[in-house]
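Colleague: This is the structure I want to talk about, given as structure tokens.
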Amino acid sequence: MKQGNKPTFSRRGFMKASTGLGLALAAPAVLKGNKVFAGETLMVRDMGGTFYEGFKAGFYDSFTEEFGVTIQTSTNEPDPIPQYKMAVDTDTKLFDVALMTPEHVLRLRQFGDDYMLPMQIEVSNPDDFTPNTFQHDFTGVAIYALAMAYRTDTFGEKGPKSWADFWDVDTFKGRRGLWRSPVTTLEMALLADGVALEDLYPLDVDRAFASLDKIKDHVDLWWTSGAQNTQVMQNGEVDMTSAWSTRAQTAISSGAPVELVWNGGLYNIDGWTIAGNTEKADLSRKFVEWCLDAERQAAYTEVLACGPTNMKAYDYISAEKAAVLPTTPEHISGLALLGADYWAENQDALTQRFEQWILG
């Protein structure tokens with residue numbers, strides 16, 4: 001892989017360092033050689049699509065080659081919590097390792113301590129990682145953003161540059177798309193109404209819905225999945241939309257005339273959890289450790305436009321590729337951290353209210 005200039009990151013731009021780091025690094029599993037697991041199968045659940053392709057290039061194929069382990073993958077539901085809980089409650093072996101986000105982890109913890117095993121992995125270089133990569137039951141491997149995207153064949157260089165522009169239906173005419181979820185959509189509505197990034201949480205929910213009232217009749221599509229998000233940008237079904245940065249980059253890589261707007265977006269971390277009912281805890285931990293390597297994280301960025309959690313990965317990423325990742329300084333400065341604590345506490349109630357609003 002080409003080497004590029006390593007960006008300089010300000011830790012104040014990321015989450016506060018996790019208090020669970022010590023727990024994450026405690027009591028490493030003792031393993032005997034790379035072939036001790038040869039012939040076994042590890043069931044891994046990711047987000048499918050470019051996540052699967054990226055992690056295959058960065059993690060899965062190399063892990064199989066090194067350890068002789070077959071990686072069997074499946075895809076998360078849009079909200080992975082109900083199926084995750086069901087799998088453990090019924091002792092159904094759906095997966096050993098699953099990709100989750102910090103708010104997913106917080107929601108699962110509310111059900112008790114039996115759903116996710118402690119990481120207990122060995123990390124010799126924790127200072128190379130972005131803050132909050134490590135929690136006692138979660139290890140981050142990829143940083144993504146939800147931002148705005150627009151078609152340049154519609155707007156040229158005069159596309160919307162903020163959520164206030166997106167809400168300005170007179171100046172920016174075109175078909176609009178938003179995610180059919182209160183998560184991030186309420187934040188977008190508040191940013192459009194003049195709330196500053198640093199003042200988003202706790203969300204002023206009534207103000208957010210009042211802002212959404214102004215745009216509702218001009219939203220042509222409420223997209224529901226990452227695959228659909230990519231498709232509508234590729235085929236021109238919408239002229240502007242909220243967009244996962246990974247999905248927008250997939251559309252751009254396919255040749256679609258799409259531009260990403262990082263100003264006023266939100267970022268989050270995807271990471272591994274280990275199912276509380278797995279019978280392959282040691283193998284799962286070895287896999288998580290494998291995914292922390294800088295060069296392997298760099299490898300997934302060739303396919304998946306997520307920012308690595310190991311900042312040393314930028315030693316192996318070309319300057320051209322680094323420019324489209326959310327953790328570069330010019331992008332992260334326009335993003336805010338998604339409020340995991342807030343959504344862990346409020347997502348169920350606000351999802352119900354949001355759906356009633358959509359159907360009303």
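The values are calculated or read from the model by the stated rules, or taken from the named source; none is laboratory data. For clarity, every value in this text was computed on a predicted model and none was experimentally measured. Glycine also receives a Cβ, built like all others from the backbone with ideal geometry; neighbour counts cover every protein chain displayed. Just the protein is used for accessible areas: all its heavy atoms, side chains included, with ligands, DNA and RNA removed. Shrake-Rupley method; radii C 1.70, N 1.55, O 1.52, S 1.80 Å.
Colleague: Considering only region 68-105, state which residues are part of a helix (DSSP H, G or I) and farther than 20 Å from V141 by Cα. First the steps, then the outcome.
Modeller: The initial filter retains those residues of region 68-105 that are part of a helix (DSSP H, G or I), namely 81-89, 102-105.
The answer is P82, Q83, K85, M86, A87, V88, D89.
Colleague: Hey, among D282, D270, D293, which residue is under 15 Å from the mean Cα position of the chain (by Cα) and within 22 Å of F63 (Cα to Cα)?
Modeller: On the way: D282 fails: under 15 Å from the mean Cα position of the chain (by Cα); D293 fails: under 15 Å from the mean Cα position of the chain (by Cα).
When all the criteria are applied, what remains is D270.
Colleague: Moving to a separate point now. Could you tell me how many of the residues in region 346-360 are open to solvent by 80 Å² or more (accessible area, probe 1.4 Å), free of Cβ contacts under 8 Å to residues at least 40 places away in the same chain and either charged (D, E, K, R) or touching a strand residue (DSSP E or B) at 6+ places or on another chain (Cβ under 8 Å) (or both)?
Modeller: Narrowing region 346-360 to residues open to solvent by 80 Å² or more (accessible area, probe 1.4 Å): 348, 352-353, 356, 359-360.
Add one more test, that the residue is free of Cβ contacts under 8 Å to residues at least 40 places away in the same chain, and what stays is 348, 352, 356, 359-360.
Next cut, either charged (D, E, K, R) or touching a strand residue (DSSP E or B) at 6+ places or on another chain (Cβ under 8 Å) (or both) only: 348.
Residues in region 346-360 being open to solvent by 80 Å² or more (accessible area, probe 1.4 Å), free of Cβ contacts under 8 Å to residues at least 40 places away in the same chain and either charged (D, E, K, R) or touching a strand residue (DSSP E or B) at 6+ places or on another chain (Cβ under 8 Å) (or both): 1 in total.
Colleague: Taking helices (runs of 4 or more DSSP H) that fall entirely within region 173-260, which contain at least 1 residues that are more than 22 Å from I332 (Cα to Cα) and either open to solvent by 40 Å² or more (accessible area, probe 1.4 Å) or touching a residue at least 12 places away in the same chain (Cβ under 8 Å) (or both)?
Modeller: Values: elements: 185-192, 205-215, 226-235, 245-253.
Correct list: 205-215, 226-235.
Colleague: From the set of residues in region 106-128 that are part of a loop (DSSP other than H, G, I, E, B) and of a type in the set (D, E, K, R), which is nearest to E279 (Cα to Cα)? Break it down stepwise before answering.
Modeller: So in region 106-128, the residues part of a loop (DSSP other than H, G, I, E, B) come out as 110-115, 117-125.
Right, trim to of a type in the set (D, E, K, R) and you get 113-114, 122.
On the way: D113: 17, D114: 14, E122: 20 Å.
Top of the filtered list is D114.
Colleague: Out of region 80-119, which residues are within 15 Å of S284 (Cα to Cα) and open to solvent by 60 Å² or more (accessible area, probe 1.4 Å)?
Modeller: K93
Colleague: Could you run through region 290-334 and say how many residues are open to solvent by less than 40 Å² (accessible area, probe 1.4 Å), in a helix (DSSP H, G or I) and touching a residue at least 60 places away in the same chain (Cβ under 8 Å)?
Modeller: 11
Colleague: Tally up the residues in region 265-286 that are in contact with a strand residue (DSSP E or B) (Cβ under 7 Å, 6 or more places away or on another chain) and either assigned to a strand (DSSP E or B) or not basic (K, R) (or both), please.
Modeller: Count: 15.
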